[in-house]
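These notes are about the structure you will find just below.
The values are calculated or read from the model by the stated rules, or taken from the named source; none is laboratory data. Worth saying up front: this structure is predicted, and the values here are computed from it rather than measured. Ideal geometry is used to build each Cβ from the backbone, glycine not excepted, and the neighbour counts take in all protein chains shown.
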């Protein structure tokens, strides 16, 4: 089975399958980097996609942001192996410690997301307190899956793109806020997806 676009999302509560346009496949990976990596590998083998598209929810570190964002770069925020290597890097590993998205062709260049893009920090923790390191790295938002998805996409030489909807402020209220807003980004993403899908099939 082959597909142009394959969406990887952690939970069905974030994006319903029956809301997607015909011809777009979605897989749900569950929460965390390990689940995301295994699911992405299996999904690539099954669907042989030309592009991967990640959609999910995030907490914001940059207080100026809101709504739906496109992610330009992702790093790993919870790999802490100092003093062997700086935080965010995996020791004795030749793979990149940051990954960059690959936007769609010029036909997609009019999108409002093309001009302003952001940095995501991925880790196996739900951020509910301030972390100065995140600010030092220029991280705008935090999630629990994207780095793993981007890592597999890079290894398989498949371009990826990610859109994230901000549900919370990555503070002590994050758990409650996320549960209340986990599905609020679906309609905004579907509008972006329509433009993406049209560009991908041209």
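Each residue in the stretch 120-154 was checked for being assigned to a loop (DSSP other than H, G, I, E, B), closer than 15 Å to residue 90 by Cβ and more than 13 Å from the chain's Cα centre (by Cα), and 1 of them qualify. Quick one: is residue 121 exposed (fewer than 15 other Cβ atoms within 10 Å of the Cβ) and in contact with a strand residue (DSSP E or B) (Cβ under 7 Å, 6 or more places away or on another chain)? No, not satisfied. Residue selection: residue 88 satisfies the criterion of being more than 30 Å from residue 196 (Cα to Cα), modelled with pLDDT of 95 or more and not in a helix (DSSP H, G or I). Restricting 31, 27 to those that are free of Cβ contacts under 8 Å to residues at least 24 places away in the same chain and either farther than 17 Å from residue 185 by Cα or within 14 Å of the chain's Cα centre (by Cα) (or both) reduces the list to 27. Considering the conditions (1) more than 19 Å from residue 182 (Cβ to Cβ); (2) more than 16 Å from the chain's Cα centre (by Cα), residue 51 is excluded by exactly one of them, (2).
Which residues, taken from the stretch 10-48, are within 15 Å of residue 183 (Cα to Cα) and part of a strand (DSSP E or B)? Once the filter is applied, which keeps residues that are within 15 Å of residue 183 (Cα to Cα) and part of a strand (DSSP E or B), the stretch 10-48 yields only 28. The set of residues in the stretch 8-24 that are over 12 Å from residue 190 (Cα atoms) and surrounded by 19 or more Cβ atoms within 10 Å (Cβ to Cβ) comprises 8, 9, 10.
Only one entry in 71, 75 is more than 10 Å from the chain's Cα centre (by Cα), closer than 27 Å to residue 4 by Cα and buried (at least 24 other Cβ atoms within 10 Å of the Cβ), namely 75. Being under 24 Å from residue 47 (Cβ atoms) and either buried (at least 24 other Cβ atoms within 10 Å of the Cβ) or at pLDDT 95 or above (or both) is a property that residue 152 has.
The set of residues in the stretch 54-72 that are assigned to a strand (DSSP E or B) and either touching a helix residue (DSSP H, G or I) at 6+ places or on another chain (Cβ under 9 Å) or touching a residue at least 60 places away in the same chain (Cβ under 8 Å) (or both) comprises 54, 55, 56, 57, 58, 59, 60, 68, 69, 70, 71. Of all residues in the stretch 158-194, those being in contact with a helix residue (DSSP H, G or I) (Cβ under 9 Å, 6 or more places away or on another chain) and farther than 15 Å from residue 19 by Cα number 14. The set of residues in the stretch 155-173 being modelled with pLDDT of 95 or more and farther than 25 Å from residue 190 by Cβ consists of 155, 156, 157.
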